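Undergrad: This structure is in structure tokens; I'll ask about it shortly.
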Amino acid sequence: MHENLTENQRMITEMIRDFGAKHIKPYMMDWDESQEFPVDVFKKLGELGLMGVLVPPEYGGAGFGYTEYVTTIAELSKIDGSIGLSLAAHNSLCTGHILQFGNAVQKQKWLPKLATAEYIGAWGLTEPNTGSDAGNMRTVALPDDDDYILNGAKNFITHGKSGNIAVVIARTGEVGDSHGMTAFVIEKPHAGFTHGRKENKLGMRASETTELILTDCRVPRENILGNVGEGFIQSMKVLDGGRISIAALSLGIAQGAYEAALAYAREREQFNQPIVNYQAISFKLAEIATEIAAASLLTYRAAALKDLGENVTKESAMAKYYASEVCVRAANEGVQIFGGYGFTKDYPAEKYYRDAKLCTIGEGTSEIQKLVIAREVLR
Ligand SMILES: Cc1cc2nc3c(=O)[nH]c(=O)nc-3n(C[C@H](O)[C@H](O)[C@H](O)COP(=O)(O)OP(=O)(O)OC[C@H]3O[C@@H](n4cnc5c(N)ncnc54)[C@H](O)[C@@H]3O)c2cc1C
């Protein structure tokens, strides 16, 4: 996926390969089948520093940049997309929002717990009726003395049930006003804050996805990130970073699907020779390999620019859009190369195929990425 690895990237890659062989691969199909969210795996990833990849060491994190973060998510996702997705949601969204917009007291209070996986983090922007159109949200937060009272529901929230802490965006102003929303931190257990239905999903089945329900949920003003009215604008900035991690997730799944298909094509014989000898098959592999290389360049470019402190709205949307579409194509061709065996659970192709589709949807669909890119190029 990336040829000139730095020392840190090489160390991360080897660490994740060892970790995956021991703690993920033997169990992942059972988790997938039963939709179990393996909390213990994330506690162990916390011990390795991977639950606070971008968190500075003074808050208990690894203190790496986005380049190392991309390597982390991609390597994990090559093994199991669900683990990659959950790690990305924890690091980029909940932890990332507090890291970017929390004050010193808030960072000191919550980041060490998130970075060590004492806390698993959730982030609630999406609602049942507002996904792409998140700015139109209906969850409200009304001031009451030194508190705000939150009412509403959030949908499709990663770690909505198992998360110990959530950043929740709620309306504090008029509908349609992008400065009318505010980000609140809520720790669990908390009166009036619970989870709803757990989704039964096509893929990413070991990554937990549930509703969050807020009923007269009283949150102190000191739990507001930044200022009242900044929550939506903050969220768009959080997603600029988050989309790089979904591009990395896509890269990892695509690479896993490609490597599995390549190995199978060398081994499977039809008409007395390995199927990789047929141009119809080798051209598929050539196309996937080329597209993965291009997706990798876009993703690491966005990461490098982010590490330089540049605005990456366009670059992260391009990386997320392209890498996620490549991921779906790679997983699709992977199943095709496996033939009938690709349609069974005895081989990895079908899981890559199911997991891949989330990448073109989560943290903004491909259509929304194109809207973002178009807005940027037409400026
Ligand atoms: C597994 C999973 C985990 C998730 N985790 C989280 C999480 O942790 N926190 C969180 O807040 N959210 C999370 N989400 C929500 C995710 O971000 C949304 O599903 C996504 O943004 C799309 O919103 P939607 O599902 O409401 O689709 P919709 O917005 O209803 O879109 C439906 C279709 O219409 C298209 N469309 C919509 N508007 C336009 C337009 N203007 N122009 C062209 N096409 C358009 C879309 O591209 C899509 O094809 C998660 C979702 C999933 C599936």
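The values are calculated or read from the model by the stated rules, or taken from the named source; none is laboratory data. Here the structure is a predicted model, which means the values were calculated and not measured. Methodologically, a virtual Cβ is constructed for each residue, glycine included, from the backbone with ideal geometry; neighbour enumeration extends over all protein chains shown. Calculation scope for accessible area: heavy atoms of the full protein, side chains included, ligands and nucleic acids excluded. Shrake-Rupley method; radii C 1.70, N 1.55, O 1.52, S 1.80 Å.
Undergrad: Multiplying the sequence separation of THR344 and ALA21 by 0.36 nm and subtracting their Cα-Cα distance, what value in nm do you get? Intermediate results must be reported in sequence, preceding the final value.
TA: Values: separation 323, 0.36 × 323 = 116.28 nm, distance 2.20 nm.
Answer, rounded to one decimal: 114.1 nm.
Undergrad: Name the trypsin sites (Lys or Arg not before Pro) in segment 121-186 that are in a loop by DSSP and that have at most 16 other C-beta atoms within 10 Å, would you? Intermediate values should be presented prior to the final figure.
TA: Numbers: sites: ARG138, LYS154, LYS161, ARG171; in loops: ARG138, LYS161.
Counting only loop positions with at most 16 other Cβ atoms within 10 Å, the trypsin sites (Lys or Arg not before Pro) in segment 121-186 are ARG138.
Undergrad: Got the relative contact order for segment 121-278 handy, in percent, Cα pairs under 8 Å and 6 or more residues apart? Walk me through the numbers on the way to the answer.
TA: Values: 292 pairs, mean separation 35.2, N = 158.
Normalised by residue count, the contact order of segment 121-278 is 22 percent.
Undergrad: Do any GluC sites (Glu not before Pro) in segment 143-250 lie in a DSSP loop with no more than 10 other beta carbon atoms within 10 Å, and if so, which?
TA: Numbers: sites: GLU174, GLU187, GLU199, GLU208, GLU211, GLU222, GLU230; in loops: GLU174, GLU199, GLU208, GLU230.
Filter output for segment 143-250: GLU174.
Undergrad: Taking each pair of distinct Cα atoms in the chain once, what is the resulting Kirkwood hydrodynamic radius in Å?
TA: Numbers: mean 1/r = 0.0477 Å⁻¹.
Value: 21.0 Å, from the Cα pair sum.
Undergrad: How much length would be gained if the chain were fully extended between GLU199 and GLU367, taking 0.36 nm per residue of separation minus their Cα-Cα distance, in nm to one decimal? Mind dumping the intermediate values first?
TA: Working: separation 168, 0.36 × 168 = 60.48 nm, distance 2.32 nm.
Between GLU199 and GLU367, full extension yields 58.2 nm more.
Undergrad: Report in % the part of the accessible area of the chain that belongs to carbon and sulfur, leaving out ligands and nucleic acids; probe 1.4 Å. Mind showing how you got there, number by number?
TA: Working: 8440 of 16230 Å².
The C+S portion of the solvent-accessible surface of the chain is 52 percent.
Undergrad: With +1 on each Lys and Arg Cβ and -1 on each Asp and Glu Cβ, and nothing else charged, work out how big the dipole of the chain is about its Cα centre, in Debye to the nearest 20. Each step should come with its number before you reach the end.
TA: Working: 38 positive and 47 negative charges, 66 e Å.
About 320 debye.
Undergrad: Please check: in the Gaussian network model of the chain (C-alpha springs, under 10 Å), which one of GLN108, GLN279, GLN255 has the largest mean-square fluctuation.
TA: GLN279
Undergrad: Moving on. Cα gyration tensor of segment 1-80, axes a ≥ b ≥ c as square roots of the eigenvalues: rounded (a/c below 1.5), prolate (a/b > b/c) or oblate?
TA: Values: a/c = 2.38, a/b = 1.42, b/c = 1.67.
It comes out oblate by the Cα gyration axes.
Undergrad: If you scale each eigenvalue of the Cα gyration tensor by 5 and take the root, what three semi-axes come out for segment 126-279, rounded to whole angstrom and sorted largest first?
TA: Working: eigenvalues 382, 56, 31 Å².
The answer is 44, 17, 12 Å, longest axis first.
Undergrad: Can you pull the percent of Cα pairs in segment 19-168 with separation above 26 Å? Don't skip to the end; give the middle numbers.
TA: Details: 3341 of 11175 pairs.
More than 26 Å apart: 30 percent of the Cα pairs in segment 19-168.
Undergrad: Another question, if that's okay. Please report, largest first and rounded to whole Å, the three semi-axes of the ellipsoid equivalent to segment 196-297, where each semi-axis is the square root of five times an eigenvalue of the C-alpha gyration tensor. Each step should come with its number before you reach the end.
TA: Details: eigenvalues 426, 70, 12 Å².
For segment 196-297, the semi-axes come out at 46, 19, 8 Å.
Undergrad: Obtain the nm distance between the two label points defined at TYR278 and GLU222 by a simple spin-label model: each point lies 7 Å from its Cα along the Cα-to-C-beta direction.
TA: Going by the 7 Å Cα→Cβ label model, 6.8 nm.
Undergrad: Which value, in debye to the nearest 20, gives the size of the charge dipole of segment 1-49 about its Cα centre, when Lys and Arg are +1 and Asp and Glu are -1 at the Cβ? Write down the numbers at each step before the final one.
TA: On the way: 6 positive and 10 negative charges, 32 e Å.
My answer is approximately 160 debye.
Undergrad: Could you sort 141-148, 317-324 so that the peptide with the highest average Cβ count within 10 Å comes first and the rest follow in order? Walk me through the intermediate numbers first.
TA: Working: 141-148: 14.4, 317-324: 28.1.
Top to bottom by mean Cβ count within 10 Å: 317-324, 141-148.
Undergrad: Tally Lys and Arg at +1 and Asp and Glu at -1 over the other residues with C-beta under 12 Å from the C-beta of GLY242: what net charge comes out?
TA: Details: positive: LYS237, ARG243, LYS306, LYS320; negative: ASP240, GLU363.
With Lys, Arg at +1 and Asp, Glu at -1, the net is +2.
Undergrad: Along the charge dipole of the chain, Cβ charges K/R +1 and D/E -1, which of THR126, SER34, PHE271 sits furthest on the positive end?
TA: Positive-end residue among those listed: PHE271.
Undergrad: Hey, can you rank 88-100, 31-43 by average C-beta count inside 10 Å, highest first? Mind dumping the intermediate values first?
TA: Working: 88-100: 26.8, 31-43: 16.4.
Result, highest mean first: 88-100, 31-43.
Undergrad: Then there is this: Charges only on Cβ, +1 for Lys and Arg, -1 for Asp and Glu: so what's the dipole of segment 265-341 about the Cα centre, in debye to the nearest 20?
TA: Working: 8 positive and 9 negative charges, 11 e Å.
Magnitude of the dipole: close to 60 debye.
Undergrad: Moving on. Around GLU208, with a cut-off of 12 angstrom between Cβ atoms, what is the net charge of the other residues, counting Lys and Arg +1 and Asp and Glu -1? Provide the component values of the computation, followed by the final result.
TA: Numbers: positive: LYS161, ARG197, LYS198, LYS201, ARG205; negative: GLU36, GLU199, GLU211.
The answer is +2.
Undergrad: Can you tell me which of 360-372, 111-123, 51-63, 75-87 comes out highest on packing, and rank the rest after it, using the mean Cβ neighbours within 10 Å?
TA: Ranked from most to least packed, the peptides come out as 75-87, 111-123, 51-63, 360-372.
Undergrad: With a length cut of 24 Å (Cα positions projected on each helix's long axis) and a Kyte-Doolittle mean of at least 0.0, go through the chain and give me the DSSP H helices that pass.
TA: On the way: long enough: 231-267 (53 Å, 0.52); 279-307 (41 Å, 0.59); 313-338 (37 Å, -0.07).
Qualifying helices, which must be both long enough and hydrophobic enough, are 231-267, 279-307.
Undergrad: Express in Å², to the nearest 10, the accessible area of PHE283 obtained by rolling a 1.4 Å probe over the protein heavy atoms while all chains stay in place.
TA: 110 Å²
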